[in-house]
Amino acid sequence: MSIIIPGDSVQVANSVALGPGVVCTRNRSVIPVTAGILEENSKSIHVESNGRRYVPSTNDYVIGTVTGSFGDAFRVSLSDFTFPVSLSAMAFPNASKKNRPNLKVGSLVYARVSSAIPEIDVEIECLDPTTGKDGGFGLLEGGYVFDVSLAYARTLLFNPNYPLLNQLVKKCQFEIAIGLNGKIWIKTDDLKHTLAAANAIKQCQLVPSSECSNVINSAFKSLSQ
Amino acid sequence: MDGRRWNELRRFQCRINTHPNSADGSSFVEQGNSKVVCIVEGPMEPPSRSQLSATEATLNISLNVTPFSSIDRKRRNKNERRIQEIITSLKRTFEQSIITDKYPRTTISITCHVLTLDGGLISAVTNSITLALIDAGIAMYDYISSVSAGFYDNTPLLDLNQLEENDLSYLTIGIVGKSEKLALLILENKIPLDKLEGVLAIAVAGGHRIRDMMDKEVRRHGELRLSKLANK
Amino acid sequence: MAEIEPITFPPAVLARVSPELSLQRHLAIGIRPCLRTFEEFRAVECTAGGLSRYSEESVKDSSVLGSSLVKSGNTTVICTITGGILEEDLPAEVVNEDAEAVNAIFAPEAIEEEAKEEFDSLESNAAVYPIVEVERGRIGAPTDEEMILGQRLYETLLHSGIISKESLNVRVGLRSVEEDGKVVITYFDDSEIGSELGPKRKWQYVLYAKVKVFSRSGPLFELVWYSLLQALKNTKLPRAYIDESAADIKIPVKIRGNFAAVREQYQIICDPLEHDTLILNEAALGYASNFCIIDIDEESRETVEPEDQSMEVDSRSVLLADVEGEEEEASSKKTMSIVVDSKGEELKSVTISGGVDNDQLKRAVELARLRSKQLL
Amino acid sequence: MAKGIETSANEKAFIIDALTQGVRTDGRKLDEYRDVKISLGSQYGSVDVTMGETRVLCRISSEIVAPYEDRPFEGLFTVSTEISPMASPMFEQGRQSDDELLITRTVEKAVRRSNALDLESLCIIAGAKCWSIRADVHLLNYDGGFIDASCIAVMTALQHYKKQDITVSGEQVLVHDFSERSPVGLSILHVPICVTFAFFNPHGVEQNIKGDAKEIYVVDPNMQEELLKHGILTVTINKNREVCQVSKAGGLPMDALTLMECSHKAFTIAEKLTNDIKKLIEEDDLQRKGSQWKMLSASNDR
Amino acid sequence: MESQTTVLTRVDGSADLVHGETRAIVSVSGPIEPKARQELPAAAALEVIVRADVGVADTREKLLENKLRSVLSQTILTTSYPRQLIQIVAQVLESGEDERYTCKEAASIINGSYLALIDAGVALQCSFAAESFAIAQDGEVITNPTPLDLRQSKSSHVVCYSIRDAKVDSLLFSDSIGSFTETQLYSVLARGTESVEAHHRHFRSTIEAKISKDFVWKLQ
């Protein structure tokens, strides 16, 4: 594990893909711009860092709150104080001019970032572009939503070896949606289990993965009594 | 001490529809020597888009305590923090009692002028707003009647005048209809915890009496209207 | 298919559309957009004292004690100095307009003690309280630029020690009515007699400066600083006197059973004719110059025909003196502002922003020194 | 408030649902006050208060000024609570929202109008010179309960603060350095403590007004609760059982009986906090004295 | 010098920095939505707010804001965040100097901003650090002067350098006020490189501690 901070120099092969945290300057050298763990292989290089402010990028799975609608699109907030992104009413499975989805202000959606160019508004959609089906996206009903750090959300979503969710499932049945914008939606059969599960997930950010089971046990302890 | 008993209100007089040609709703309230005129306009198109809310009506309250209303004739700054605070409190109170979601995308603007001030600023203003809103025909859940009550030497006192307000600790309440629900409660000086209940009790009772008097005036005015209609 | 024609802009438009490019092309041929050479300063014109109450064409009843009018390029700066008198026992630095704020009060013997163990280099320095206004066609709260300029003027003046606190002491006179009814004002210029006859208390002048800037083009600090110094140079402090009959009165008051004495303030009157010149510490007077460094693009250089290339542009970056105009200001990421005293020995203030190397800094200081001497 | 913060309908429903079941998202009971951590700074009158994630810092400073003309026997006391975007980006710099105004006013009323600080003791020479005490409250992190935390911070800082000793000779005032004479504390008349309650209405407004459904109240709401609340009540009380200030600026109407219940709860909390603060100050005093004593004896050894 | 990151939870990055007598806390939020008048089409707008420990903000803080902004605008990669806002709030908790001087506060808020920006993950072109100096009456250069040193000094200075590969790269900002000679200025600038590099080593260990805390759940 090598930690890198801005101002350090990195050696790169000629043709690599630059991931987040590294930038190519005008005189064609590659510099790191954030502090984190340098991860490089023969094809790509990026700095893994754990921020709290989400910057949209294409193909990310995100959870957003509908804040309004204008024309044919909904305005959706991905995190507090940032520009709203737009979710077209057509970007739903089987949507047409006549068959518009009806989203109320305040409802939660699970969606995919379809275009993220910094200079213009970001767009998200609630369908899988390859199949045209919902692909798990769409309106999230009930449940509870809370924030975790961005890198942690990435691990939960992409790392199957991370033990938390497998251990959590032993305690209770739940539905979960993980947004790369650091939002997690969870729903179980009853409120207290939801809250306990949410707290367990939040607490696990602060401990090594071997401690996960202990955290989960203590979170659910009060319920079993 | 102006010769009243401890649980006696000051003279309470009110009129509604005092300015029928200049506003949608208006009222005049006299509570002892405090006199307040209130004018309500709306629901109407909001002056700027920023105030627009898609689901509810927005309230705009302005309160003008005239410089000639009190003895020291001090010109009060409109943006004085105390006035701003009262306005915010009133706004929050009436937002709850007006059925705001009946008037989406509109503004209701309320203007109060305090002509003379002899204690009970908040209560007189609150009562006048209630009446003016009723006159404007704006849907409300119930009356909000307001009165102040103080505490002196183990006796609670109802409806204080300026002199008493200066020297005693007192509270002002806004009460919803005939219930014991408090919409507004402001206390700024020290009152022993154990006496609080007594003071609150006479304030609630006083509030109910004021409500009745306001109700009478509204009904009288309603009948007047009705009789005019019948005569036609 | 229509042919794509290149759009051409006149220079003035290009300067607005793409200031960076316009500047680069100018510099590549060895000239600046304002047609000056790289290290050339603008000429500065200065008229001093025109508005003052003690000036020759005496503007009657003016409260202005000193003034200056400075023109440089397109920019005009007017600076006026006004003043007030405050009772001493307040260190001047903390006195603001409401005159009542007191930071620390020392009895005389305490000051002596303090002075021994703790020497305060700024204690003897005084400053003026400047307000800068940049005309922008409308009125409103001061902008950030104005506030920053004001604060920089204040700090530079305070730390440079141009005005000593002593020079702001008021030597109070006494007005008395003689037997024949004639009113006589006596000044005790001999301090020993004065201290015996005069009142026990001390007063100080407080100076305020108001600087107005018209037609801003480029950074302002240097011009504003120059105008402030020029105005201070011709500042005349009015002689002041108090009335003999106005003694130190105490008026007892009684409120709610408490007793207090409200002290009557002396009424200080400023003489309409008599005046002293404000004494400045000539050695500390320094003038300011600003510079910026522009890196020249390879590209612009390549566009220039070889025969046009002058000797000056062989380095990759150039030092420009006295920044002017939008093009230079917008593209200058590296700037320096230097105040050098009139003898060229000591620096009073240096602010550098951006990667300036030592050679560039040396050259800039050298130029600033010349400039300071030249302006004196 | 809540400019820029979007709370989803799901969260709203969940939290209110939880409250009706007597559960709060941070695991507290409905009437549980958060743990208050107070740490005293190295300088007199510098106090750092943490309540949950809310963090407030208070600095006291003093100077000698002329008193107001109409109050020659009283010193000056100002409380400044400006909220910067540091506490949360929802607060705008340089502009005060209605909520900020209410926070500022309530803190000011709680501490200043209730005469917690004896202003007459600040008088040096009547009508000419007096102390001006200034409390700068810096709100660093926002998670609800700013009023409560600010009030605790100001009151602790006032008790902790010590100003330079002075000698009055005629009209001259001699200020002694800390090294010359030991500094003197301020005279505090009583310690008001604010307790905030948030009200939630799980049903429609109509039911509440008719009195069919009772509102739920929680003590010391956190940010999420403060954003979703239907009404808010702040009770300021000291340990002498005196209610110093109550403010319920509109919002959901509540029962008079509930108010009494809240006041009594507030009293228990205030009593505990006052004692905690007192203990903390005493310990700090002892420690300071101890270290001073050590310094003195060390110099004697030489 | 002591420093700590992620001290606040409502903002994206924060740092608490104690340097001698001076203590400052700095928060960074961004990229977030700017107000309409702040928005820039091709780069991020910077909102810099400096707040004094005691008293209301006045022009003194504005000048400090200006100094901090000139450092930050050179180091933050603003072009990565077009139309966005990066909001930096620096709260001085203990100024540690007379109100007539600002050099200690300036150095502390610059250093604090660096750590807060790193904590927030805002893109930076390089690392940077700052230090304050005073020149005593006898010409001696004092690093990070005490309030007493400052009061007795002839001039006060702030120096901020950018850092590449743990070595000083170029001068970002320097502000000097008082009376001093040219040679003294150069010696201050030279002294600056040493202490700035030392600060940077300290910051690196602070950042390493932060990162390992951030990724604690990755460990077994």
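The values are calculated or read from the model by the stated rules, or taken from the named source; none is laboratory data. Keep in mind the model is a prediction, meaning the values are calculated, not measured. All Cβ positions, even for glycine, are placed from backbone atoms using ideal geometry, and neighbour counts span all protein chains on display.
So the values come out like this:
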read-out	value
Filter result for residue E:207 (crowded, with 22+ Cβ neighbours inside 10 Å, at pLDDT 90 or above and among the β-branched types (Val, Ile, Thr))	yes
Residue in the range E:139-162 that is surrounded by the most Cβ atoms within 10 Å (Cβ to Cβ), counting only those that are more than 8 Å from chain C (Cβ to nearest Cβ) and in a helix (DSSP H, G or I)	E:150
Check on residue B:201, under 20 Å from the mean Cα position of the chain (by Cα), within 13 Å of another protein chain (Cβ to nearest Cβ) and over 21 Å from residue B:14 (Cα atoms)	yes
Among the candidates E:181, E:102, residue that is within 21 Å of residue C:351 (Cα to Cα), among the β-branched types (Val, Ile, Thr) and under 14 Å from the mean Cα position of the chain (by Cα)	E:102
Every residue from the range D:44-59 that is among the acidic types (Asp, Glu) and either surrounded by 21 or more Cβ atoms within 10 Å (Cβ to Cβ) or more than 14 Å from the chain's Cα centre (by Cα) (or both)	D:53
Hits in the range D:60-98 (condition: within 11 Å of chain E (Cβ to nearest Cβ), under 19 Å from residue D:145 (Cα atoms) and surrounded by 18 or more Cβ atoms within 10 Å (Cβ to Cβ))	D:83, D:84, D:85, D:86, D:87, D:88, D:89, D:90, D:91
Close pairs from the range B:104-126: first over 17 Å from residue B:137 (Cα atoms), partner of a type in the set (Asp, Glu), Cβ under 6 Å, at least 6 apart	B:119/B:165
Residues (surrounded by fewer than 20 Cβ atoms within 10 Å (Cβ to Cβ) and away from chain C (no Cβ under 11 Å)) located in the range E:56-94	E:56, E:77, E:79, E:80, E:82
Residues (loosely packed, with under 15 Cβ neighbours inside 10 Å and in contact with a Cys (Cβ under 8 Å, 6 or more places away or on another chain)) located in the range A:72-99	none
Matching entry among B:55, B:100, B:130 (being modelled with pLDDT of 85 or more and of a type in the set (Val, Ile, Thr))	B:130
Every pair of residues 6+ apart whose Cβ atoms lie under 8 Å, when the first sits in the range C:120-147 and is at the interface with chain E (Cβ under 10 Å from one of its Cβ atoms) while the second is surrounded by 18 or more Cβ atoms within 10 Å (Cβ to Cβ) and at pLDDT below 75	C:122/C:93; C:123/C:91; C:127/C:92; C:127/C:93
Checking residue D:240 against (1) at pLDDT below 90; (2) closer than 30 Å to residue E:10 by Cβ, the condition it does not meet	(2)
Filter result (among the hydrophobic types (A, V, I, L, M, F, W, C), in contact (Cβ under 8 Å) with a residue 24 or more places away in the chain and away from chain E (no Cβ under 14 Å)) within the range A:192-225	A:195, A:196, A:197, A:198, A:220, A:223
Close pairs (8 angstrom Cβ cut-off, 6 or more residues apart or separate chains): under 18 Å from residue C:275 (Cβ atoms) in the range C:171-182, aromatic (Phe, Trp, Tyr) and modelled with pLDDT of 70 or more anywhere	C:172/C:203; C:172/C:241; C:173/C:241; C:174/C:241; C:175/C:241
Number of positions in the range A:14-37 that are away from every other protein chain (no Cβ under 14 Å) and either of a type in the set (A, V, I, L, M, F, W, C) or in a strand (DSSP E or B) (or both)	2
Wholly enclosed strands (runs of 3 or more DSSP E) of the range E:1-51 bearing at least 1 residues of a type in the set (Asp, Glu)	E:2-5, E:13-19, E:45-51
Residue check, residue E:173 under 16 Å from residue E:119 (Cβ atoms), at pLDDT 90 or above and either within 14 Å of chain C (Cβ to nearest Cβ) or not in a strand (DSSP E or B) (or both)	no
The range A:141-172, residues that are more than 14 Å from chain D (Cβ to nearest Cβ), within 12 Å of the chain's Cα centre (by Cα) and not in a helix (DSSP H, G or I)	A:148, A:149
Hits in the range D:99-137 (condition: within 14 Å of chain C (Cβ to nearest Cβ) and part of a strand (DSSP E or B))	D:123, D:124, D:125, D:129, D:130, D:131, D:132, D:134
Flag for residue B:175 being within 14 Å of chain D (Cβ to nearest Cβ), at pLDDT 85 or above, closer than 20 Å to residue B:58 by Cβ and surrounded by 24 or more Cβ atoms within 10 Å (Cβ to Cβ)	no
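Residue-by-condition table, conditions (1) within 14 Å of chain D (Cβ to nearest Cβ); (2) without any contact (Cβ under 8 Å) to a residue 24 or more places away in the chain; (3) assigned to a loop (DSSP other than H, G, I, E, B); (4) touching a helix residue (DSSP H, G or I) at 6+ places or on another chain (Cβ under 8 Å):
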position: A:39; (1), (2), (3), (4): no, yes, no, no
position: A:51; (1), (2), (3), (4): no, no, yes, yes
position: A:59; (1), (2), (3), (4): no, no, yes, no
position: A:63; (1), (2), (3), (4): yes, no, no, no
position: A:82; (1), (2), (3), (4): yes, no, yes, no
position: A:98; (1), (2), (3), (4): no, yes, yes, no
position: A:104; (1), (2), (3), (4): yes, no, yes, yes
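Residue by residue, here is whether (1) modelled with pLDDT of 90 or more; (2) farther than 24 Å from residue A:53 by Cα holds:
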{"position": "E:116", "(1), (2)": "yes, no"}
{"position": "E:133", "(1), (2)": "yes, yes"}
{"position": "E:184", "(1), (2)": "yes, yes"}
{"position": "E:201", "(1), (2)": "yes, yes"}
{"position": "E:216", "(1), (2)": "no, no"}
